[in-house]
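Coordinate-derived values only; no laboratory data. It should be emphasised that the depicted structure is a prediction, and the values quoted were computed from it without experimental measurement. Glycine gets a Cβ as well: all are built from the backbone with ideal geometry, and neighbour counts include every protein chain shown.
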Amino acid sequence: MLETPPLPGSPIGLHRVCEPAGALPQAAARLDTRKGLWPDEVRVRVERLNLDAASYRQLWSAHGGDGAVVRRAVADIIASRGKMQNPVTGSGGMLVGTVEEVGPASPLGLVPGDRVATLVSLTLTPLVIEDELAGWDGRSEQVPCRGSAILFGRSIAARLPTDVPSPLALAVLDVCGAPALTHRVVSGRAAPTVCVLGGAGKSGSLALAAARRAGAGRTIGVVPNETEARALERAALADVVALADARNPVGLADAVEKAGGPADVTVVCVDVPACEGGAILATAPGGTVIFFSMATSFSAAALGAEGLAADVTMLIGNGYVPGHAEYALDLVRAEEGVRRLFEARMEP
């Protein structure tokens, strides 16, 4: 090992926090990215990053759709913070790479040479980029690159499947918490009506497939335009496709009602802000709203529900459910419509 670590290690990575003292890695302003490993750490040779949709949309909009400026912005964030964490959205993404070195006390079960996708956010992963993202044009969420990253004792990683192309696997695993939690919530109800906002997107298409597999009585996929509506209809993942702007609360609630709502379970998978009120209005009393979007304002959701006197349970999709990675990959293998939607979004 290089650069013998000077401090005791922590399975949650506290020893990698540079500032502020006492913060968890996700909340830290800057992380220690030294290559030398603490005994329970793993170092990964990075091949590709996958920026989360909300973060990428914000960067793209903020820089006027200039890919070169987006590339420099991402490189600067990583260089200054020792991790990829968009300072506006607070979100990051995940990565794929090859295990380079494993500490003697690592509990992750990985060995050098394993090709893995990290299932923890880039917002808490020490990360160094060595090529200034020269191979990325800034025009997609997936970022080919050379670098290294550190996993902690309580990090999560999945070996990449051999039957799914790496870029597709990375895109699926980036949102694999959404279908797993959707399945859990839907399966606890008797044939519920399930509405997914952003149903033609990555997490949205997986959530629709998971809801149907879990026994939903009716699935409603909400999309913002005719192009996405046609794509979702061809994918045959929703019983009804509804066209609505999720940022328009009354318009969204009306569209969901016409499609067979209100919903017993509403899953928010859009990557734009200000969708909280519409999701609440579209949900029946006693129903559940699951927020998977990193663009969600949780104070707006809580105060909005109170202001509407809405008796709904609101869940934050935290991205982890036991078995979530394999469940999501199984859906992509089994559901041709899901796979087509993913592949279409990954086209240049």
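If only the Cβ of Lys and Arg carry +1 and only the Cβ of Asp and Glu carry -1, the dipole of the stretch 136-228 around its Cα centre is close to 440 debye. For G287, the residues 5 or more places off, or on other chains, whose built amide H falls under 5 Å of its own are T313. For the stretch 14-163, averaging the sequence separation of C-alpha pairs within contact (under 8 Å, six or more residues apart) and dividing by the residue count gives a relative contact order of 31 percent.
If you put +1 on each Lys and Arg Cβ and -1 on each Asp and Glu Cβ, how big is the dipole of the stretch 201-274 around its Cα centre, in Debye rounded to 20?
Values: 8 positive and 9 negative charges, 57 e Å.
For this selection, approximately 280 debye.
Here's how it looks for L127: its modeled amide H is under 5 Å from those of K83, which are all 5 or more places away or on a different chain. Between A62, G113, V102, the Cα set farthest toward the positive side of the dipole of the stretch 1-122 (charges on each charged residue's Cβ, about the Cα centre) is that of A62.
Could you list the GluC sites (Glu not before Pro) in the stretch 1-89 that lie in coil according to DSSP, counting only those with at most 14 other Cβ atoms within 10 Å of their Cβ? Don't skip to the answer; put the middle values down first.
Details: sites: E3, E41, E47; in loops: E3, E41.
Passing both the DSSP loop test and the Cβ count: E3.
The modelled label-to-label distance for the pair E130/A62, using points 7 Å beyond Cα in the direction of Cβ, is 2.8 nm. Remark: the chain carries a charge dipole of roughly 280 debye about the Cα centre, counting +1 on each Lys and Arg Cβ and -1 on each Asp and Glu Cβ. Comparing Q26, A246, P87 along the charge dipole axis of the chain, the residue lying farthest to the positive side is Q26, per the Cβ-charge model.
With a cut-off of at most 12 other beta carbons within 10 Å, and DSSP calling the residue loop, which GluC sites (Glu not before Pro) in the stretch 80-188 qualify? Please list them. Intermediate values should be presented prior to the final figure.
Working: sites: E100, E101, E130, E132, E141; in loops: E130, E132, E141.
Counting only loop positions with at most 12 other Cβ atoms within 10 Å, the GluC sites (Glu not before Pro) in the stretch 80-188 are E130.
3J(HN,Hα) along the stretch 94-107, derived from phi through the Karplus expression 6.51 cos²θ - 1.76 cosθ + 1.60 where θ = phi - 60°, amounts to 8, 9, 10, x, 10, 4, 9, 8, 10, x, x, 10, 5, x Hz, with x in place of Gly and Pro. The chymotrypsin sites (Phe, Trp or Tyr not before Pro) of the stretch 291-329 that meet both conditions, a loop assignment by DSSP and at most 14 other Cβ atoms within 10 Å of the site Cβ, are Y320.
Close amide-amide hydrogen proximity is noted between A157 and L119, each under 5 Å apart and 5 or more residues distant or on a separate chain (H modeled in the peptide plane; Pro and chain starts excluded). Where (i) 29.8, 114; (ii) 20.2, 63; (iii) 20.0, 59 are the candidate values, the label of the one calculated here for Rg and Dmax of the Cα atoms in Å is (ii). Working note: Karplus 6.51/-1.76/1.60 with θ = phi - 60° gives the stretch 187-192 the couplings 5, x, 10, 8, 6, x Hz, where Gly and Pro are set to x.
Between the C-alpha center of the stretch 15-40 and that of the stretch 269-348 there is a gap of 30 Å. A viscosity of 0.890 mPa s and a temperature of 25 °C, combined with the Kirkwood radius over Cα pairs in Stokes-Einstein, give a translational diffusion coefficient for the stretch 249-316 of 213 µm²/s. Volume per residue of the convex hull around the Cα atoms, evaluated for the stretch 177-346, comes out as 95 Å³.
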